[in-house]
Amino acid sequence: MRRTVQWVALHAVLALGAALTVLPLLWMLAASVMPTGEASGVPPRLVPSAVTLEHYRALFARLHLTRAFLNSAGLAAAVTLVSLLFNSMAGYGFAKFRFAGRDRLFRLLLGALVIPAQVAMLPLFLMLRALGVINTYWGVVIPGLASVFGIFLVRQYALAIPDSLLDAARVDGAGEFRIYRSLVLFLCAPVLVTLAVFTFMGTWNDFMWPLIVLADDRLYTLPVALANLAGEHVQDTELMMAGAVLTVLPVVLLFVFLQRYYVAGIMSGGVKE
Amino acid sequence: MRRGHINAGWGFVGPALAAIGAFFIVPVAASLLLSFTDFDVYAVARPDRLRFVGAGNYARLLGEPRFWTALGNTAYFVFVGGPLSVAVSLGAALLLEAKLVRWRGFFRTVFFLPVVTTLVAVAVVWRYLYHPRHGLLNLLLGVVGVHPIDWLGDPRWAMPAIILLAVWKNFGFNMVIFIAGLQSIPERLYEAARMDGASAWQQFRRVTLPMLAPTFVFVAVVTMIGYFQLFAEPYVMTQGGPANRTLSVVLLMYEEGFRWWNMGYGAAVAFVLFAIILGLTAVQLGLRRLQPGTEPIR
Amino acid sequence: MSLSRPAPALLLLALAPALVAAPGCRLDRDDAGAVRFWAMGREGEEVQQLLPEFERRHPGVHVRVQAIPWSAAHEKLLTAHVGGAMPDVFQAGNTWLPELVALGALEPLDERLARWSSLDRGDYFPGILDTNVIDGVTYAVPWYVDTRVLFYRTDVLAEAGYAEPPRTWTAWEDAMTRVKERAGPDRYAILLPLREWQPPVILALQRGASLLREGDRYGNFESPPVRAAFDFYLDLFQRSLAPRAGDTALANLYQDFARGYFSLYISGPWNIGEFGRRLPATLANRWTTAPLPAPGDAYPGVSLAGGASLAVSSASGRKDAAWKLVEFLSEPAQQVRFYRLTGDLPARKAAWADENLPRKPHAHAFWIQLQSVQSTPKIPEWERIAAKISQYSEAAIRGDLTIDQALAGLDRDVDNVLEKRRWLMRGAGR
């Protein structure tokens, strides 16, 4: 009996928490299909009186969000691929090779995690201007080429690769890069998927840097385009909500399908041996 | 070890180190130099209008009430929002790890969902939720008899509103870390405690909390570093208002650097922020080391 | 292992096009030779309708318009300039021009203006044209004029005993008091958004204040005229004639005006169009505009010589094509079309005459007001000073600072902002 009461109480609390957690997202979804003006009615409503897709049509047809969507997807994919290469190489290098100063270097890298990215932003902007990549996709990709977090994640995983396996490959006459490409990448696949999901979401969601670097609206990523839209269409609640859905939905879906990798990444970053 | 082996190591770490060095470490160093100059719109056009001002930017910054406002707001966000967020995370993790729970995976996914959403998008959404007359939040609060609050317009409520959004957005992240920490506590410790006749609360006090200590430090440090960098929420929702109540240090840096192009002054703001984060991280890790029997976090 | 071997390779293949296409594709490639034109807010969306005509007349020129929200426009222009990403031609608030000139971002236009046969400089409102001339050089051409007047609910003011709009501060205050009495505690007489620097600056200029002193080298906010203007302004909030409403309250501006949350509003010409479009039909004949009241008898009181200008970027590689666009948008016929699209008031009097604007109900007040306008100090630091004014006046309205603390703080901050200007002027021997 007492157990049943506990069970019910526990699940009531969990259900309430879950409801409060998804409520903002549900309202966003509902408001995005409401007829114009309904979302800012008094009292506010949660269920649309009629479902319309006009706001989505307006976003795509009139406000060119298709392009921003493609930019976001392309940039996130590009940064993910490139940084995966850089980080996996470095992570493997730190885990499995000995060279002078390796451990000190690795500690220094970890120490750099404390430096807020904003500290580098002002000179980085001037540097990228000198390279002529402000207002190009490169301006977004370059700062994301490698990350300390990514290197750390791969290194922790690669430490577990048995040296005997690598030595066997060397005995067979495989070159170091060949070993990395055909053996190490394969063995590290789970952590690479984790890192890929992380990087993709991080790049997709990033706001401040694309906001600064991209001047041309045809290069805008979704968050920048959305903030731009908010500047002029703040009155058009339903339209803004449709834009928010469009921005949020892809990463939410990605998460739902790949969550075990994502969660594994957080856990391995958070809990140390 | 063969020599080629040694070189290969550099070959593997080289590209990433070069990228991080060129596009992070060098700019950080340049930023330090910049903070000793008065690089601004005049100097962008004509380098001869650049002056070396020594510690002048820092002196001016420390004498500027607006900086202290920004620092105070950021501290409010970090030291109220941070613990609140960690507490909610821990609560959610404890609930989810209770033995009775069914549909654990479903609840975990739901609680985690806000973490992966795009901050700009949800900030836009919450701006409507917070509307004093049309917003859903006041409607819900009205049901329990709370008078309408002008969340983002009232100086007293703007920062709590930002904190509420941040807690909603972030608690799932630390929740997962706490779950991992809870799962790593050996069951035999609880069994031993129960044999000693410990109640549920005593088990929590004597087993769960001490065993979670390393996780706590990690969560505290990461949350603090992240919360000190508050930017997108006020940028999208309040632009630092009302009455500067949500002006954060990073927003101030953005304004000085990228709105007014006072890059020297903006760089000084960034470095003061860095120094504070560094100091507090050192304090937190140092406190941890003072306690015997636990391993410091790497 | 959860991934079978071919999977990563496939993933790479699938994403390869994105990778190849993504970096490197600078925009100019897709429409080479396009003139890039940045315009703000609604103007950016509406001006596109004028362009087919332009492109028909200039077959070789293609224009690509980018709409930028007003709230981000200033920082966007500065960032684009520093990053070398300026458009060829752009709209700019005329108070930003000195800053853009200091940056070297603007192309001097005097030669081109001299070759422009059909133009008579006298066709521009003199106070507005003057804001485009910095140190004797013309850097931009006025596109539309923007001064602030009173928008108000005729029905509400009539019920309060004001069939005619108030002409003096005393009458204005009395009218607001009566409106407030009838409106009750939850509604107000006038909306003065806290973050706008324009209302307090207008009031100060009406009192004859000069905001800066000694060749615009120091702040002058503690001077008696500014102080008097702030007294009047803050009093409106203290007596609850105006709500202490920040930006968030503006999300429902038009609904709020329609339901009487406020009945007076100091705003600019773009709201003629917005009020017409967004207010419910029942309200169509229950609002109008009027020139601003004056502190004394010299009706109307001065307002700001604001407006948006068209400028050509000094870094542009298509200056001639860009200038053609400026000429085109400055033609009276195009100014009329643009007015019909946006409600923005033409910068050229010829366009006013064509449209019979001086006698149109809502535009009339602007016509009168434009005869007495004054510009803000023409210095590169003005936008920053304006931001400081709105910060400090907000702090005073909220009661965080007393009026004396606010004005003293403002002077101190403005003196700091102007430090570099003083240094440069000393170097130049001025």
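The values are calculated or read from the model by the stated rules, or taken from the named source; none is laboratory data. The model shown is predicted, which means the values in this text are computed figures rather than measured ones. Cβ coordinates were reconstructed from backbone atoms using ideal geometry, including for glycine residues, and neighbour counts include every protein chain displayed.
Tabulated data for the structure shown
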read-out	value
Odd one out for C:I385 among (1) in contact with a strand residue (DSSP E or B) (Cβ under 9 Å, 6 or more places away or on another chain); (2) part of a loop (DSSP other than H, G, I, E, B); (3) within 12 Å of another protein chain (Cβ to nearest Cβ); (4) of a type outside the set (D, E)	(2)
Which numbered condition B:L182 misses (of (1) within 11 Å of chain A (Cβ to nearest Cβ); (2) out of contact with any helix residue (DSSP H, G or I) (no Cβ under 8 Å at 6 or more places or on another chain); (3) surrounded by fewer than 18 Cβ atoms within 10 Å (Cβ to Cβ))	(2)
Residue count, the range A:216-271 (criterion: closer than 14 Å to B:V120 by Cα, within 14 Å of chain C (Cβ to nearest Cβ) and of a type in the set (S, T, N, Q))	2
Entirely in the range B:194-252, the helices (runs of 4 or more DSSP H) that have 1 or more residues that are in contact (Cβ under 8 Å) with a residue 60 or more places away in the chain and surrounded by fewer than 24 Cβ atoms within 10 Å (Cβ to Cβ)	B:209-228, B:232-237
Restricting the range B:41-100 to residues that are basic (K, R) and farther than 26 Å from A:W7 by Cα, the residue that is modelled with the lowest pLDDT	B:R46
Exclusive hit being facing chain B (nearest Cβ under 10 Å), touching a Lys or Arg at 6+ places or on another chain (Cβ under 8 Å) and surrounded by 15 or more Cβ atoms within 10 Å (Cβ to Cβ), set A:F94, A:F99	A:F94
Residue match in the range B:106-127 (condition: more than 7 Å from chain A (Cβ to nearest Cβ), farther than 30 Å from A:T203 by Cβ and not small (G, A, S))	no
Residue count for the range C:192-208, restricted to those that are in contact (Cβ under 8 Å) with a residue 60 or more places away in the chain and closer than 19 Å to B:T238 by Cα	5
The range A:60-76, residues that are over 15 Å from the mean Cα position of the chain (by Cα) and part of a helix (DSSP H, G or I)	A:F60, A:A61, A:L65, A:T66, A:R67, A:A68, A:L70
Residue in the range A:129-140 that is within 12 Å of chain B (Cβ to nearest Cβ) and within 25 Å of A:P190 (Cα to Cα) present	no
Helices (runs of 4 or more DSSP H) wholly inside the range A:135-191 that include at least 2 residues being buried (at least 19 other Cβ atoms within 10 Å of the Cβ) and of a type in the set (G, A, S)	A:148-158
Scan of the range B:255-289 for residues that are at the interface with chain C (Cβ under 9 Å from one of its Cβ atoms) and free of Cβ contacts under 8 Å to residues at least 60 places away in the same chain, ordered by number	B:E255, B:F258, B:R259
Sole residue being within 21 Å of C:Q198 (Cβ to Cβ) and either among the hydroxyl-bearing types (S, T, Y) or touching a Ser or Thr at 6+ places or on another chain (Cβ under 8 Å) (or both), chosen from C:D146, C:D130, C:D110	C:D130
Lone unmet requirement of (1) in contact with a helix residue (DSSP H, G or I) (Cβ under 9 Å, 6 or more places away or on another chain); (2) at pLDDT 90 or above; (3) in a helix (DSSP H, G or I) for A:Q259	(2)
Test: A:V79 is under 21 Å from B:Q229 (Cβ atoms), of a type outside the set (S, T, N, Q) and in a helix (DSSP H, G or I)	yes
Boolean, A:I212 is within 14 Å of chain C (Cβ to nearest Cβ), among the hydrophobic types (A, V, I, L, M, F, W, C) and part of a loop (DSSP other than H, G, I, E, B)	no
Filtered residue count, the range C:336-376, keeping only those that are among the charged types (D, E, K, R), without any contact (Cβ under 8 Å) to a residue 60 or more places away in the chain and not in a helix (DSSP H, G or I)	2
Residue that is farthest from C:F328 (Cα to Cα), among those in the range C:104-120 that are surrounded by 14 or more Cβ atoms within 10 Å (Cβ to Cβ) and among the hydrophobic types (A, V, I, L, M, F, W, C)	C:A105
Enumeration of residues in the range A:19-36 that are at pLDDT 90 or above and polar (S, T, N, Q)	A:T21, A:S32
Criterion (at pLDDT 85 or above, closer than 28 Å to B:V176 by Cα, out of contact with any Ser or Thr (no Cβ under 6 Å at 6 or more places or on another chain) and not polar (S, T, N, Q)) met by exactly one of B:L230, B:L278, B:L251, B:L287	B:L278
Helices (runs of 4 or more DSSP H) contained entirely in the range B:46-165, each with at least 2 residues that are more than 30 Å from B:L32 (Cβ to Cβ)	B:82-96, B:104-116, B:119-129, B:136-143
From B:P65, B:P47, B:P83, residue being surrounded by fewer than 18 Cβ atoms within 10 Å (Cβ to Cβ), in contact with a helix residue (DSSP H, G or I) (Cβ under 8 Å, 6 or more places away or on another chain) and more than 10 Å from chain A (Cβ to nearest Cβ)	B:P65
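Listed here are the residues, each with its yes/no results for (1) in a loop (DSSP other than H, G, I, E, B); (2) farther than 30 Å from C:L97 by Cβ; (3) in contact (Cβ under 8 Å) with a residue 60 or more places away in the chain.
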residue: C:T288; (1), (2), (3): no, yes, yes
residue: C:A308; (1), (2), (3): no, no, yes
residue: C:V312; (1), (2), (3): no, no, yes
residue: C:G317; (1), (2), (3): yes, no, yes
